[in-house]
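Each value in this text was obtained by applying a stated rule to the coordinates, not by laboratory testing. Predicted model only: the values in this text are computed from it and were never measured. Cβ: placed from backbone, ideal geometry, glycine included. Neighbour counts: every protein chain shown.
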Amino acid sequence: MKNTISHRVADFLKNFPPFNVLDQKDLETLAVEITIVYKEKDSVIFAENDEPHPYFYVVNKGAVALKKGTDKTIMDMCDEGDIFGLRPLMAQENYKMSAKAHEESILYAIPIDIFKPYAQQNIAVGNFLIESFASNTRNPYSKSHRGKLYDEVNDVNPIAPDTHVLDLQSVQYSKKLVTCSATTSAKTIAKRMTEKKVGAMLVVKDKVPIGIITDKDLRNNIVTGKYPITTKAQEIMVSPVITYNKHLTITQAQMAMMKSNISHLCITKDGTPNSKAIGILSKHDVMVALGNNPAVLIKAIKRAKKIKSIKQIRKSITQLLQDYLDQNIPIKLTTKIISELNDACVKQIIKLSLEEMPTKPPVKFAWLALGSQGRSEQLLQTDQDNAMVFENVPEGKLIETTAYFLKLAKLINKGLFDIGYDYCPAEMMASNPNWCLSLEEWKKTISHWIINPGTDEVLLSSIFFDYNIAYGEVNLVNELSEHIFETTKKYPIFYLHLASGALQNPSPTGFFRQLLVEEDGEHKDSFDLKRRALMPLTDAARVLILSHSVKSINSTAERFEKLAELEPNNEEIFMACSYATRALLKFRTKQGLLHNDSGRYIAIDKLTKEERIKLKRTFKTIKEIQELVSVRFKVSNLLR
Amino acid sequence: MINFFKKKVNNYPDYWLEYEKCFNKKPIEDLSLVRFVVLDTETTGFDYLNDRILCIGALSLVDKNIALNQSLELFLKQEHYNAETAKIHGILKNGGASCISESAALEELLGFLKNAVIVAHHAIFDITMINRALERNGLPRLKNKVLDTSHLYKKTLLNSNVFKKKEHYSLDELAEKFDISKKDRHTALGDAYITAIAFLKIKSRLKGKGLLRLKDLLKMG
């Protein structure tokens with residue numbers, strides 16, 4: 001029986017092939033028979049060589065990775081609206097790939113028995129399936145095939161179209177061929193190029209390329225008045241066309257373009273100018289393929305008009321991070337670049353959110369990144385911690401102003417969530433009224449923390465004091481920092497409490513120098529790298545740098561470097577800390593990339609001997625810095 | 001004198017006896033086999049005495065699967081009517097889909113529920129509304145075990161002095177937190193769907209803390 005939910009399911013499906021060709025009534029009938037399946041992140045939907053399920057799947061929310069072989073290379077990444085697991089059902093064979101939820105996902109399981117008759121009766125559905133099986137892509141209309149301007153069913157290389165699994169050696173050319181005949185007029189060509197947003201038009205005869213016309217040719221020949229606007233294509237086209245086959249590598253493509261001083265290459269079926277044209281490769285495609293270039297990524301982020309496209313770019317950032325780590329590029333540089341990119345994403349999200357607000361902000365404001373993001377140490381995506389500060393307003397206007405910024409903060413938090421930053425479980429986000437305050441209110445709150453340093457206040461300070469401005473008015477933030485320094489000077493007892501907080505993290509090693517693992521809970525038997533190793537360093541750096549009233553150095557490693565400079569007699573230990581911090585950060589990032597998580601918990605038994613020794617070496621440094629903190633701030637005087 | 005120990009002789013209809021019989025079976029402990037029914041009611045108001053159920057939506061949930069062909073959406077005929085609530089729910093008196101009488105709706109509901117564990121958001125409200133309806137029809141109260149997503153959700157939150165948990169979390173808040181579309185909010189089945197997805201996500205987060213048994217869930221909410 002039709003109901004509200006099956007209606008919603010049908011509404012979703014009708015946007016995606018092959019369901020878009022079914023009529024509403026059939027779709028409604030089909031939708032009723034669907035099972036909605038929830039999959040936790042990393043849970044398996046089916047394994048390679050499993051017997052086929054009586055269903056195939058459509059991704060409603062989240063992402064599913066299709067993997068193959070023992071090395072588990074990702075063959076394809078399915079997201080919203082993508083179909084998977086259908087081919088084995090039609091072919092009546094076992095699954096050739098495994099499917100695993102890459103993110104927390106909701107799937108629609110569609111029973112094959114119900115679906116099959118539609119595939120057989122409806123030619124359009126059948127064709128879609130045949131095409132998608134033949135081309136070995138889950139959806140022949142998606143991505144590379146969008147536009148469907150060529151009818152060549154070629155065996156696309158099995159590498160997924162997603163950039164983050166793209167083998168950087170092979171090039172992704174545009175299959176969106178825009179062509180004209182030799183007799184088309186220059187005016188029509190220019191019109192169509194504008195319409196299709198392309199920079200070059202291929203002139204073909206019987207699908208074979210005979211010439212090419214680029215923006216430059218139009219400029220040089222038509223705009224200069226050399227030829228009239230009615231000139232036929234054959235008069236102004238450049239020929240012969242430089243052609244290649246599709247197995248061209250990026251380097252080859254770059255070389256070819258440089259050699260002939262051209263910006264477009266034509267891809268033909270056998271690589272010669274005498275076979276069918278199947279695609280075009282522009283300089284821009286090469287740039288995109290070289291996507292492991294931070295400058296290109298920054299540009300792409302700044303151009304992003306939708307949060308969804310930022311999410312895609314984030315995947316490339318992760319790929320870039322992986323490459324950097326593989327190539328052993330110094331972690332200092334890696335951290336800088338990745339933080340810069342993350343920062344650009346956050347800024348863009350804020351910009352997009354501001355555009356979405358009905359009015360401009362009533363007063364100036366600043367968006368603060370807290371915690372690891374504030375310290376620019378966030379390589380992997382973790383939870384979001386942030387706050388908002390805005391200019392003081394007259395008392396009568398406070399409620400109204402706060403309401404505006406809370407609304408804005410909510411949009412920004414949602415945007416960050418959408419690109420992969422989970423909500424903070426402790427609600428330390430600007431959309432929480434306690435974390436979205438005017439300058440005056442923040443000063444009061446901070447004074448309260450410093451004057452009454454209980455456990456909670458110290459904890460809150462340790463999270464908040466690593467703030468870094470991500471967007472907005474920098475003066476607001478400077479004033480806040482000044483206030484912190486002034487107040488802490490007046491109440492030095494605060495250092496003692498902050499220092500004692502810094503010493504409260506559990507020890508990384510036991511009596512026999514063995515690594516201590518968690519005893520219960522979700523991460524039983526794994527080592528908590530964040531709490532037992534990174535946090536003691538971060539906390540120590542914070543209290544030490546605060547006692548020196550140094551502002552705007554937020555990264556722990558850099559703080560230690562600054563401390564080494566300020567206290568030459570302790571240089572050795574501070575430099576050791578700086579090194580240990582970077583080493584641990586790298587360690588965490590590698591673990592995180594390996595397991596597609598935050599890298600916080602490490603399975604000790606999976607580490608190599610070398611890794612274990614490296615890890616243990618940092619612990620000596622941690623112990624030394626903790627002793628220094630304890631002695632300097634006389635923590636022993638305080639009951640611990 | 002009334003004898004409390006004497007079994008009352010009741011002429012309950014067959015469908016009630018059928019429903020009652022389901023509870024003779026030994027309850028299942030393996031969480032992946034337990035059948036949950038996620039339900040939501042839309043009512044004319046919040047007064048247990050005078051207000052009536054307008055609509056009942058229920059989904060059947062086993063393990064992580066919601067089969068849509070096993071769902072229930074009932075619209076009830078109304079005598080008592082409150083224009084204010086109708087505005088929210090968009091269900092007009094006797095309008096829309098085929099409406100059935102309260103007793104017919106209860107018969108369908110009980111037949112659907114069987115001995116499943118009921119999941120609802122602010123469950124006490126929905127359960128009380130249904131129990132009142134049962135009472136009006138001369139029937140005893142629901143016998144099912146009940147889980148409340150608003151209680152369970154609180155268990156997923158951090159226990160920290162730094163951040164104060166709210167007393168209540170609305171279904172809207174849950175939908176936002178878990179990124180569930182609010183498209184069909186304020187229809188019974190739409191709310192039941194949001195509750196179901198929220199329940200699955202809550203369950204997966206609680207599992208992380210090492211809690212897996214139905215017993216534990218029941219203890220929490």
Legend entry - Relative contact order (%) - criterion: Cα under 8 Å, at least six apart; region: chain A: 8
Inset, instruction - Take every DSSP beta bridge with both residues inside the stretch B:31-220 and express the antiparallel ones as a percent of the total, to the nearest 5. - result: 65
Inset, instruction - Taking chain A as the reference, fit the longest principal axis to its C-alpha atoms, fit the long axis of helix A:294-303 to the helix C-alpha atoms, and give the angle between the two in degrees, 0 to 90, nearest 10. - result: 80
Legend entry - Cβ-defined net charge surrounding residue A:99, 10 Å radius [Lys, Arg +1; Asp, Glu -1]: 0
Inset, instruction - Please give the average number of partner chain Cβ atoms lying within 10 Å of the Cβ of each residue in B:190-198, rounded to a whole number. - result: 2
Legend entry - Average other protein chain Cβ within 10 Å of Cβ, residues B:62-72: 6
Legend entry - Rg in Å to one decimal, and Dmax rounded to a whole Å, for the stretch B:110-206 via C-alpha atoms: 15.0, 50
Inset, instruction - Give, as a single signed number, the net charge of other residues whose beta carbon lies under 15 Å from the beta carbon of residue B:63, with Lys and Arg counted +1 and Asp and Glu -1. - result: +4
Inset, instruction - Between residue A:208 and residue A:48, take the C-beta separation as r, use R0 = 45 Å, and let me know the FRET efficiency to the nearest 0.05. - result: 0.60
Inset, instruction - Would you please give the FRET efficiency between residue B:14 and residue B:114, computed as 1/(1 + (r/R0)^6) with r the Cβ-Cβ distance and R0 = 22 Å, to the nearest 0.05? - result: 0.90
Inset, instruction - May I ask what percent, to the nearest 5, of DSSP beta bridges between residues of the protein assembly as shown are antiparallel? - result: 80
Legend entry - Karplus (6.51, -1.76, 1.60) ³J(HN,Hα), θ = phi - 60°, over the stretch B:153-159, in Hz, Gly and Pro reported as x: 4, 4, 5, 7, 7, 5, 9
Inset, instruction - Just report the Cα centroid separation between the stretch A:216-283 and the stretch A:415-487, whole Å. - result: 56
Inset, instruction - Assign one of three labels to the protein assembly as shown, namely rounded, prolate or oblate, based on the Cα gyration tensor with a ≥ b ≥ c the square roots of its eigenvalues; rounded applies when a/c is under 1.5, prolate when it is not and a/b is larger than b/c, and oblate otherwise. - result: oblate
Legend entry - Cα-Cα over 22 Å, subset of A:305/A:407; A:524/B:165; A:14/A:100: A:524/B:165; A:14/A:100
Legend entry - Cβ neighbours within 10 Å from other chains - mean over A:30-37: 5
Legend entry - Built amide H within the under 5 Å cut-off of residue A:177, gap 5+: A:149, A:150
Legend entry - Ranked list, fewest to most other Cβ atoms within 10 Å of each Cβ, for B:35, A:588, A:87: B:35, A:87, A:588
Legend entry - With Cα atoms, 0 to 90° folded angle of helix A:307-326 axis to chain A main axis: 70
Inset, instruction - Sum up the charges of everything whose Cβ sits under 13 Å from the Cβ of residue A:466, counting Lys and Arg as +1 and Asp and Glu as -1, but leave residue A:466 out. - result: 0
Legend entry - Label-to-label distance, nm, for residues given as residue B:104 and residue A:93 (7 Å Cα→Cβ offset): 5.3
Inset, instruction - Give me the aspartates and glutamates in straight-line cross-link reach of residue A:207: C-alpha distance below 15 Å, same-chain residues under 8 apart excluded. - result: A:151, A:152, A:270
Legend entry - the protein assembly as shown, helix-only ellipticity at 222 nm - DSSP H runs n ≥ 4, -39,500 (n - 2.57), divided by all residues, nearest 500: -13500 deg cm²/dmol
Inset, instruction - Could you pull out the pairs from A:39/B:166; A:302/A:332; A:443/A:586 whose alpha carbons sit more than 31 Å apart here? - result: A:443/A:586
Inset, instruction - Assign one of three labels to the stretch A:335-434, namely rounded, prolate or oblate, based on the Cα gyration tensor with a ≥ b ≥ c the square roots of its eigenvalues; rounded applies when a/c is under 1.5, prolate when it is not and a/b is larger than b/c, and oblate otherwise. - result: prolate
Inset, instruction - Could you point to the residue in B:189, B:48, B:204 farthest towards the positive end of the stretch B:31-220's charge dipole, with +1 and -1 charges on the Cβ of Lys/Arg and Asp/Glu respectively? - result: B:204
Inset, instruction - Using only Cα atoms, find the angle between the long axis of helix A:4-13 and the longest principal axis of chain A, and express it within 0 to 90 degrees, rounded to the nearest 10. - result: 60
Legend entry - Within straight-line cross-link reach of residue A:196, aspartates and glutamates at Cα separation under 15 Å, skipping those fewer than 8 residues along the same chain: A:215
Inset, instruction - Assuming a ≥ b ≥ c are the square roots of the Cα gyration tensor eigenvalues, decide whether the stretch A:388-450 counts as rounded (a/c under 1.5), prolate (otherwise, with a/b larger than b/c) or oblate. - result: oblate
